[in-house]
1. Specify the residue that is farthest from V24 (Cα to Cα); the eligible residues are those in region 176-194 that are touching a residue at least 24 places away in the same chain (Cβ under 8 Å) and away from the ligand (no atom under 16 Å from the Cβ).
2. Just checking: which of the strands (runs of 3 or more DSSP E) contained wholly in region 214-323 hold 3 or more residues that are over 21 Å from the mean Cα position of the chain (by Cα)?
3. Just one of (1) more than 19 Å from the chain's Cα centre (by Cα); (2) surrounded by fewer than 17 Cβ atoms within 10 Å (Cβ to Cβ); (3) within 11 Å of the ligand (Cβ to nearest atom) trips up G71, so point out which.
4. Which one of these does Q198 not meet: (1) within 9 Å of the ligand (Cβ to nearest atom); (2) without any contact (Cβ under 8 Å) to a residue 60 or more places away in the chain?
5. Taking region 324-341 as the region of interest, how many residues are aromatic (F, W, Y) and assigned to a loop (DSSP other than H, G, I, E, B)?
6. Could you list, in sequence order, all residues of region 85-112 that are more than 10 Å from the ligand (Cβ to nearest atom) and surrounded by fewer than 17 Cβ atoms within 10 Å (Cβ to Cβ)?
7. For region 126-169, enumerate the residues that are without any contact (Cβ under 8 Å) to a residue 24 or more places away in the chain and either in contact with a helix residue (DSSP H, G or I) (Cβ under 6 Å, 6 or more places away or on another chain) or crowded, with 22+ Cβ neighbours inside 10 Å (or both).
8. Evaluate the following for E153: is it more than 17 Å from the chain's Cα centre (by Cα) and part of a loop (DSSP other than H, G, I, E, B)?
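FYI, it's all coordinate maths here, none of it is from the lab. Quick caveat, the model's predicted, so the values are computed rather than measured. Cβ: placed from backbone, ideal geometry, glycine included. Neighbour counts: every protein chain shown.
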Amino acid sequence: MVSKYENMKTILITGGAGFIGSHVVRLFVNKYPDYKIVNLDKLTYAGNLANLKDVENKPNYEFVKGDIVDGDFILQLFEERQFDGVIHLAAESHVDRSISNPTEFVYTNVIGTVNLLNAAKHIWKDDFSDKKFYHISTDEVYGSLGEEGIFTEETRYDPHSPYSASKASSDHFVRAYHDTFGLPVIISNCSNNYGSYQFPEKLIPLFINNIRNKKPLPVYGKGENVRDWLWVVDHARAIDVIYHKGKTGDTYNIGGFNEWKNIDLIRTMCRVMDKKLGREEGESEKLITYVKDRAGHDLRYAIDATKIKNELGWEPSVQFEEGISKTIDWYLDNEEWMKNVTSGDYQKYYDKQYLNR
Ligand SMILES: NC(=O)c1ccc[n+]([C@@H]2O[C@H](COP(=O)([O-])OP(=O)(O)OC[C@H]3O[C@@H](n4cnc5c(N)ncnc54)[C@H](O)[C@@H]3O)[C@@H](O)[C@H]2O)c1
């Protein structure tokens, strides 16, 4: 007898233990009980399986620990599992780390992506019906804007940091595999995400944690840099829509229609947290300290997300004020998660859960 699971579509999600990946895995596992979701993650410092506690025992979910840089391992995994689709999020993602160690970004973001493309091409051969290779990228590949302008899907690539250069390179490889081999690829380029389960080296969780603990808030330069912010749950919703309805070979920009100067965002967070923590108005703002600007710091990113809105009917579900308030509440309510991450204890979760040690 053929079991129900043998007929399921199997989708590989890479980097599913990370910030955005964990939201995508959660959405797909819960929304599509007829898909088998395989989460492949190396569990670098940024991967945390505790992010997926609520889905880890679901019958349509499986975790595989592995490195996308290991081409032989990737090929073997694809041969064994015969994936129908790939949603590729695994990456080194922190700009500051790319400045101190650029090579790691080439291995994971470029070579890792090419290994996945090769393996998909190998198992799908020329039969691409119902197959999809969906690559998740960033708006940072487009470079920096002045006061005016907006990134569209046609904007020329102009990356400035080793991180954005490695993501741009991986995007080019994904397109090349479409143009050269006909691989059914889709790419999306998204703006800055915020929300639960983000590693506290990134601005929003770092500052929430520092405000709570009355620690300094280090602001690069004068805090004039502008970013477009999107709630991570809305990014996961966009990925779902693009995976199912997006046109093969196309690119979609995803954004929040929500630009903020860093300093204004930080002041807003201080104000909201003063209220939530019962502190005097203005108390947390005193923690702001200006530090030397990041090398090659892009001034402004802004995304035109009209195409995904018009063609696929997606738009953000929450306004920023609501999203940031929910996010702050989540970090305040999940102190244990934050403690485990900042102490490094989260790295023991895999051994406990999967190796019974
Ligand atoms: N965070 C953002 O605001 C943002 C915005 C746009 C696009 N993106 C893109 O979305 C994707 C996910 O970003 P994130 O913020 O969730 O990143 P993250 O750093 O939180 O997670 C990355 C995940 O990839 C895994 N990983 C790293 N190297 C690996 C390897 N060699 N093999 C297997 N797994 C590996 C890590 O263990 C981690 O779980 C990235 O491709 C990033 O470029 C992020």
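1. F181
2. The strands (runs of 3 or more DSSP E) meeting that bar are 217-220, 288-291.
3. (3)
4. Condition not satisfied by Q198: (2).
5. Going through region 324-341 one residue at a time, the tally reaches 0.
6. Residues satisfying the conditions are D96, I99, S100, N101, P102, T103.
7. T155, Y157, P159
8. Yes; evaluated as a whole, the condition is true for this residue.
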